[in-house]
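The values are calculated or read from the model by the stated rules, or taken from the named source; none is laboratory data. Model, not experiment: these values are computed from the prediction. In this analysis, Cβ positions are derived from the backbone assuming ideal geometry, glycine residues included, and neighbour counts consider all displayed protein chains. In case anyone asks, the SASA skips ligands and DNA or RNA and just uses the protein heavy atoms, side chains included. Shrake-Rupley method; radii C 1.70, N 1.55, O 1.52, S 1.80 Å.
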Amino acid sequence: MNAAGVLAEVGEERAVVIGNGPVGQTAALLLARWGVPVLVLDQRPARDLVGSKAICQQRDVLDVWAAVGAGARIAAEGVTWTTARTFHRGTELFSVTFADAGRSRFPPFVNLSQSRTEQILDECVAAQPLIETRWGCRVTRLAQDAEGVTLTCADGPELRAAYVLACPGARCDGMREHLGVTFEGRSFDDRFLICDIRTDLPGWATERRFHFDPEWNPGRQVLVHPCPDSTFRIDWQVPPGYDLDAERASGALDRRIRTVIGDRPYELVWSSVYRFHSRCADRMRVGRVLLAGDAAHLMAPFGARGLNSGVADAENAAWKIAFVLRGWAPEQLLESYHDERHAAARENLAITGATMDFLVPQDAAAAAHRRDVLARAADDPAARALVDSGRLAEPFWYVDSPLTTPSPAHPFPGRPPGGAVPPAGPGVLVPDAPVSGYECSSTRIHSRPPGRFRELARDGFLLLATPGADLDAVRAASVPAPVRVCELAAIDETGALAAALDARPGEVWVVRPDAHVAAVLERPTAEAIEAALGRAVGAVP
Ligand SMILES: Cc1cc2nc3c(=O)[nH]c(=O)nc-3n(C[C@H](O)[C@H](O)[C@H](O)COP(=O)(O)OP(=O)(O)OC[C@H]3O[C@@H](n4cnc5c(N)ncnc54)[C@H](O)[C@@H]3O)c2cc1C
């Protein structure tokens with residue numbers, strides 16, 4: 001039986017998820033995976049599959065979705081792309097490919113419309129008996145006491161929950177105010193016209209193409225992303241005051257599209273105009289309420305960090321709520337949700353904010369800088385390095401988290417270059433690799449057929465012992481949470497995992513239930529392992 005199975009047997013406490021967008025769906029599925037009964041509330045009358053919004057799903061997020069049965073389907077239906085190219089006036093400046101930390105089962109990026117992703121997640125929710133979804137339920141009030149949260153819904157009954165994961169999207173000023181949370185930041189004046197166009201563009205189907213100042217949009221930029229079903233997402237930067245309806249009526253939209261795709265036939269599948277914002281909640285935890293997704297951080301989509309980071313919020317929150325509910329971790333663990341995910345949001349906003357400063361210069365000096373950098377970029381590597389067409393989504397590193405025990409042998413070298421991944425070590429998401437059938441021992445004993453290392457990691461806390469580690473000490477370490485012990489040599493027949501981890505003899509790797517490394521301990525005693533586990537469940541103040 002896996003840890004989720006163990007969880008399903010204990011406790012009947014309920015969590016409520018507010019918002020049935022992709023972050024709320026993911027949160028509900030992950031909570032249910034931990035055996036927590038979940039009620040999902042959404043103010044809309046039903047799922048309305050309007051618009052397209054997010055298309056670009058990152059490899060590590062597909063892994064999270066794989067844990068709830070959706071990742072492989074999303075990857076199979078989506079378009080895989082591996083290269084991001086940046087052009088200036090038709091000349092290619094550089095391209096980025098994406099490193100794999102280990103031997104992942106998923107490609108670096110898969111493009112699939114957000115609405116299709118939501119449908120697939122809905123099907124997973126429908127198959128999960130621990131989740132109940134109620135549409136047409138607008139939460140208007142949250143009152144907390146020592147035992148739980150009382151939710152008031154417009155025109156509905158009061159509801160109780162032990163914990164609430166609030167994922168109501170960006171437009172929830174009332175709820176943030178009610179929780180005493182601010183949402184400071186800025187909004188950008190320029191608009192972005194986004195059209196999904198079905199056509200054939202030979203050679204463009206597996207690449208992201210970013211054009212600065214193309215002849216078809218002088219002084220601004222155009223981004224082209226491949227999508228399934230011969231569809232391309234074309235994203236034009238347009239001036240403030242741009243009128244899509246007027247352009248459609250005058251035929252200018254058709255001319256605009258034709259400048260990019262030429263005379264070939266096309267179908268306009270969807271179009272919309274967006275204004276982008278850069279904002280962050282000052283608190284992501286208020287007592288028993290955790291704020292996740294766009295409700296907590298809103299960023300421009302160049303870098304695909306919105307939904308991708310919202311899914312990471314959901315995963316971080318879900319295991320922590322489950323562990324606290326089950327009595328496996330102190331309430332203090334929930335505060336680490338704010339510590340870790342607020343730091344992640346600030347990093348994402350710093351990165352996407354820098355991109356927007358380059359794309360949408362805020363003053364004459366910034367505009368002159370952009371012109372100068374782009375003019376020199378074709379011949380000058382120093383100028384090329386300053387061209388910012390968006391750094392694509394990546395997992396955040398919980399290096400400075402109170403849950404992380406640093407390791408002198410595996411220090412974090414800082415933010416890696418775009419497309420690269422940091423070496424495995426404390427705070428970092430473990431690399432994935434195939435693992436052979438295995439038997440793990442300790443608090444829970446179970447065996448599994450061959451699979452993936454991240455599947456094993458996501459089953460609870462994992463102690464991974466390299467050859468030479470004192471196994472008696474590893475087995476003797478005990479905390480109230482489910483912990484499994486595995487010997488690296490027993491699961492890693494090919495050596496791929498040891499190489500990806502750069503694991504050394506005598507080490508014990510402590511891996512969290514969200515597959516991030518909590519500690520790498522060198523020839524540890526049972527007490528040292530218990531200390532690292534205790535810190536990782538928030539038991540160390
Ligand atoms: C043009 C565009 C392109 C994008 N591209 C990407 C991309 O490629 N990759 C990426 O990662 N991200 C991308 N994003 C961002 C991504 O779309 C968002 O981050 C994502 O939708 C956030 O999901 P969410 O679940 O937090 O919020 P939402 O999708 O907004 O869902 C919130 C839900 O909460 C419900 N709700 C609100 N208030 C209440 C209430 N009081 N009571 C009950 N229910 C309530 C709403 O009805 C809604 O269903 C893009 C965004 C845009 C605009």
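The one condition from (1) aromatic (Phe, Trp, Tyr); (2) part of a strand (DSSP E or B); (3) farther than 19 Å from Ser113 by Cα; (4) open to solvent by 20 Å² or more (accessible area, probe 1.4 Å) that Trp216 does not meet is (2).
Can you find, within the stretch 288-297, the residue that is surrounded by the most Cβ atoms within 10 Å (Cβ to Cβ) among those that are part of a loop (DSSP other than H, G, I, E, B) and within 12 Å of the ligand (Cβ to nearest atom)? Only one residue tops the list, namely Ala292.
Of the residues making up the stretch 154-181, those that are near the ligand (Cβ under 10 Å from one of its atoms) and open to solvent by less than 80 Å² (accessible area, probe 1.4 Å) are Ala154, Ala166, Cys167, Pro168, Gly169, Ala170, Cys172, Gly174, Met175.
Of the helices (runs of 4 or more DSSP H) that lie entirely inside the stretch 2-121, those containing 2 or more residues that are closer than 29 Å to Ser389 by Cα and out of contact with any Pro (no Cβ under 7 Å at 6 or more places or on another chain) span 22-33, 59-66, 71-77.
So which residues in the stretch 187-201 are more than 15 Å from the ligand (Cβ to nearest atom) and surrounded by fewer than 13 Cβ atoms within 10 Å (Cβ to Cβ)? Selection gives Asp189, Asp200.
Test each condition in (1) within 15 Å of the ligand (Cβ to nearest atom); (2) open to solvent by 70 Å² or more (accessible area, probe 1.4 Å) for Glu184 and report the one that comes out false. Going through the list (1) within 15 Å of the ligand (Cβ to nearest atom); (2) open to solvent by 70 Å² or more (accessible area, probe 1.4 Å), Glu184 breaks only (1). Taking the stretch 134-153 as the range and being among the polar types (S, T, N, Q), open to solvent by 40 Å² or more (accessible area, probe 1.4 Å) and more than 11 Å from the ligand (Cβ to nearest atom) as the test, only Gln144 passes. Quick check, is Ala300 assigned to a loop (DSSP other than H, G, I, E, B), buried (at least 19 other Cβ atoms within 10 Å of the Cβ) and within 16 Å of the ligand (Cβ to nearest atom)? The answer is yes for Ala300.
Scanning the stretch 267-285 for residues that are farther than 30 Å from Arg198 by Cα and either open to solvent by 40 Å² or more (accessible area, probe 1.4 Å) or charged (D, E, K, R) (or both) turns up Arg279, Asp282, Arg283, Arg285. Once the stretch 406-416 is narrowed to residues that are open to solvent by 20 Å² or more (accessible area, probe 1.4 Å) and either of a type in the set (A, V, I, L, M) or touching a strand residue (DSSP E or B) at 6+ places or on another chain (Cβ under 9 Å) (or both), the residue that is farthest from Ala499 (Cα to Cα) is Pro406. Among residues of the stretch 149-170 being part of a loop (DSSP other than H, G, I, E, B) and modelled with pLDDT of 95 or more, the one that is nearest to Leu291 (Cα to Cα) is Cys167. Selection over the stretch 305-338 of residues that are surrounded by fewer than 24 Cβ atoms within 10 Å (Cβ to Cβ), modelled with pLDDT of 95 or more and of a type in the set (Gly, Ala, Ser) gives a count of 1. From the list Ser336, Ser271, the one residue that fits, being in contact with a Cys (Cβ under 7 Å, 6 or more places away or on another chain), in contact (Cβ under 8 Å) with a residue 60 or more places away in the chain and over 18 Å from Pro22 (Cα atoms), is Ser271. Total residues in the stretch 49-90 satisfying the condition of being open to solvent by 40 Å² or more (accessible area, probe 1.4 Å) and in contact with a helix residue (DSSP H, G or I) (Cβ under 9 Å, 6 or more places away or on another chain): the figure is 8.
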